[in-house]
């Protein structure tokens, strides 16, 4: 059971470039989400999805797009990378969007924008 | 101001000793409080989840307590091991689609 898999693990981009961070889970979880983690701060929610075809914005959605065409995959797209988007990005999933189950995290994508 | 404050920011203890990490929150309403362990370079891993009606929850050598009246939680680690070196993150949810993360306490266990 792989859990939550994120790719790539590291990425360096130039300002203005676009890219997609991949996230896949094999636990048949309905709820998936994306966070960014910056030094000295708690994780902040970017976007989330309560099921295939349904997405919504979190606390810091600007500059990011998501889609959820399948239960397993939840990619995060950076439209035009900016240095302020340099961060570590975590994808997470949970079985039930409305329950108190544990949230499972991937190991992150470390993104640097030059 | 962050709605979830953790203290101390960092802590160094000797192997075998106990320690307690603190979490104070102002998040309202309250749905649940979670503690996570995050090893360097890895994603957070769930330790405990407590709802309003629960005031203690254990997971091996980790014991979390919750006082919903004073909006305080603590994570107690018993007989620390070198592998306990990590960041410990407190997360408070006002509802099931919203999670407010603390900045974490960085614990170092030395031999």
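Please treat every number below as a calculation from the coordinates, not as lab data. Quantities reported herein were computed from a predicted structural model and do not represent experimental measurements. Virtual Cβ from ideal backbone geometry, glycine too; neighbours counted across all protein chains shown.
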Worksheet item: Separation of segment B:19-95 and segment A:1-80 by C-alpha centroid, Å?
Response: 25
Item to complete: Could you pull the Cα extents of the protein assembly as shown along its three principal axes, largest to smallest, in whole Å?
Response: 48, 38, 37
Worksheet item: Computed over the Cα atoms of chain A, what is the ratio Rg over Rh, Rh following Kirkwood?
Response: 0.95
Item to complete: Can you put A:46, B:13 in order of Cβ neighbours within 10 angstrom, beginning with the fewest?
Response: B:13, A:46
Worksheet item: Points 7 angstrom from Cα along the Cβ direction at residue B:52 and residue B:78: gap in nanometres?
Response: 3.0
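Please report the equivalent ellipsoid semi-axes of segment A:12-74, computed as sqrt(5 x eigenvalue) of the Cα gyration tensor, largest first, in whole Å.
In descending order, the three semi-axes are 21, 15, 12 Å.
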Fill in: Pairs of alpha carbons in chain B whose separation is greater than 25 Å (percent)
15
Worksheet, complete the sentence: For B:4, A:12, A:88, ascending order of other Cβ atoms within 10 Å (fewest first) is A:12, A:88, B:4
Discussion item. For a quick check: sort A:90, A:10 by the number of other beta carbons within 10 angstrom, fewest at the front.
Written reply: A:10, A:90
